[in-house]
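The values are calculated or read from the model by the stated rules, or taken from the named source; none is laboratory data. It should be emphasised that the depicted structure is a prediction, and the values quoted were computed from it without experimental measurement. Neighbour counts run over all protein chains shown; Cβ positions are idealised from the backbone, glycine included.
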Amino acid sequence: MPLQHLLNSPVRTATFLFVLLLSLISMGLQAQETAAPVQVKQGEVALITLTLEPDVQSVVGTFLGQSIPFFKKNPDAFAAIVGVDLAQPIGPQPFSVTWKKKESIGRQEYVIDVISASFGTQDLKLPKAMVDLDPPTLARVEKEQEQQKVIFNKSSDQRLWEDDFIVPTEGKPMGKFGFRRIMNGQARNPHTGEDISAPLGAPVLASNGGRVILVGDFYFNGQAIFIDHGLGLFSMYFHLSQIAVKEGEVVTKWQTIGSVGQSGRATGPHLHWGVRLNGARVNPFSLIEKKFG
């Protein structure tokens with residue numbers, strides 16, 4: 001049975017052992033009792049590809065209490081993308097894989113070792129009203145946050161993207177993902193996306209195919225678009241000057257969905273590009289590095 005080494009990870013030896021174990025089990029052979037865990041940094045994505053017998057009908061994983069769906073990558077392989085939240089404590093975590101055949105179920109336990117990522121600190125000086133919110137504004141922000149939280153539980157159970165993801169606008173990535181932000185001397189939540197410096201009005205493209213699940217003008221995010229790519233994967237585009245799509249619209253990779261702006265809490269024109277994967281806040285450029293084709 002062919003064995004493919006397709007987990008895109010800095011630790012190639014651990015990756016090889018991980019995929020080898022899955023292949024041995026699928027053939028009914030005895031796997032080694034010990035293997036190095038797969039190492040993934042905080043805020044990054046792992047692509048897992050495994051080869052199983054032809055009669056396997058479905059595969060699903062479980063990581064940190066989240067169901068991780070596998071999809072048919074090609075006739076011979078299943079694949080899944082696993083996200084590690086930027087604030088996930090370091091250390092080994094179990095990763096369970098279950099596959100179904102017509103008359104049987106297979107299951108095996110593995111380990112993903114979460115390793116530390118180095119995030120910087122960003123000291124921002126903003127208008128007082130954008131940091132110390134008055135009661136009506138605070139109520140608006142809490143309502144908007146709840147609205148966004150709800151949509152992340154409504155991902156399609158179908159894979160809506162194809163092949164690799166693209167960077168949604170031309171510009172300079174600022175490298176601010178995960179930065180601990182200090183606003184007017186006050187510690188605030190870390191930066192959960194990547195900022196791309198680009199001219200006002202520059203086109204913003206869908207990073208891959210999906211369905212527009214939410215658009216709106218939000219206090220912090222400004223004019224924003226949320227796209228569901230299916231299987232728990234979402235991309236977000238904030239601080240836009242214009243929005244060119246509607247909720248419920250199906251979009252394709254490379255489609256223009258809006259324009260770069262500085263709406264919401266922004267000090268200049270740029271695109272805030274974010275990715276949420278099965279609840280994990282991950283660096284979108286980590287997703288770009290993965291090869292789905």
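Worth pointing out:
- Inside the stretch 32-45, residues that are modelled with pLDDT under 90 and either loosely packed, with under 14 Cβ neighbours inside 10 Å or aliphatic (A, V, I, L, M) (or both) make up a count of 6.
- First in the stretch 173-195 and under 17 Å from VAL282 (Cα atoms), second anywhere and surrounded by 18 or more Cβ atoms within 10 Å (Cβ to Cβ) and aliphatic (A, V, I, L, M), Cβ under 6 Å, 6 or more apart: PRO173/ILE196; GLY178/LEU86
- Residue, farthest from the chain's Cα centre (by Cα), within the stretch 246-267, restricted to residues that are under 16 Å from THR169 (Cα atoms) and outside any strand (DSSP E or B): GLN262
- Those strands (runs of 3 or more DSSP E) lying entirely in the stretch 89-137 with at least 1 residues surrounded by 10 or more Cβ atoms within 10 Å (Cβ to Cβ), among the aromatic types (Phe, Trp, Tyr) and touching a strand residue (DSSP E or B) at 6+ places or on another chain (Cβ under 9 Å): 91-100, 105-115
- Where a residue in the stretch 46-62 is touching a residue at least 24 places away in the same chain (Cβ under 8 Å) and its partner, wherever it lies, is β-branched (Val, Ile, Thr), with Cβ under 6 Å and at least six apart: ALA46/VAL40; ALA46/VAL82; LEU47/ILE81; LEU50/VAL19; VAL60/THR98; GLY61/ILE68; GLY61/VAL97
- Filter result (among the polar types (S, T, N, Q) and crowded, with 23+ Cβ neighbours inside 10 Å) within the stretch 251-285: ASN278, ASN283
- Residue within the stretch 157-174 that is of a type in the set (S, T, N, Q), surrounded by 14 or more Cβ atoms within 10 Å (Cβ to Cβ), in contact with a strand residue (DSSP E or B) (Cβ under 8 Å, 6 or more places away or on another chain) and more than 22 Å from GLY43 (Cα to Cα) present: no
- Residue in the stretch 204-211 that is closer than 23 Å to GLN147 by Cβ, of a type in the set (D, E, K, R) and not in a loop (DSSP other than H, G, I, E, B) present: yes
- Within the stretch 138-156, considering residues that are surrounded by fewer than 16 Cβ atoms within 10 Å (Cβ to Cβ) and among the charged types (D, E, K, R), the one nearest to GLY222 (Cα to Cα): ARG140
- Hey, LEU200 among the aliphatic types (A, V, I, L, M), part of a loop (DSSP other than H, G, I, E, B), at pLDDT 90 or above and farther than 19 Å from LEU271 by Cα or not: no
- Each residue in the stretch 49-88 was checked for being assigned to a loop (DSSP other than H, G, I, E, B) and surrounded by fewer than 18 Cβ atoms within 10 Å (Cβ to Cβ), and 8 pass.
- Among (1) more than 19 Å from ASP85 (Cα to Cα); (2) of a type in the set (Ser, Thr, Tyr); (3) in the same structural domain as ASP85 (by TED's automatic domain parsing), the one test that SER96 misses: (1)
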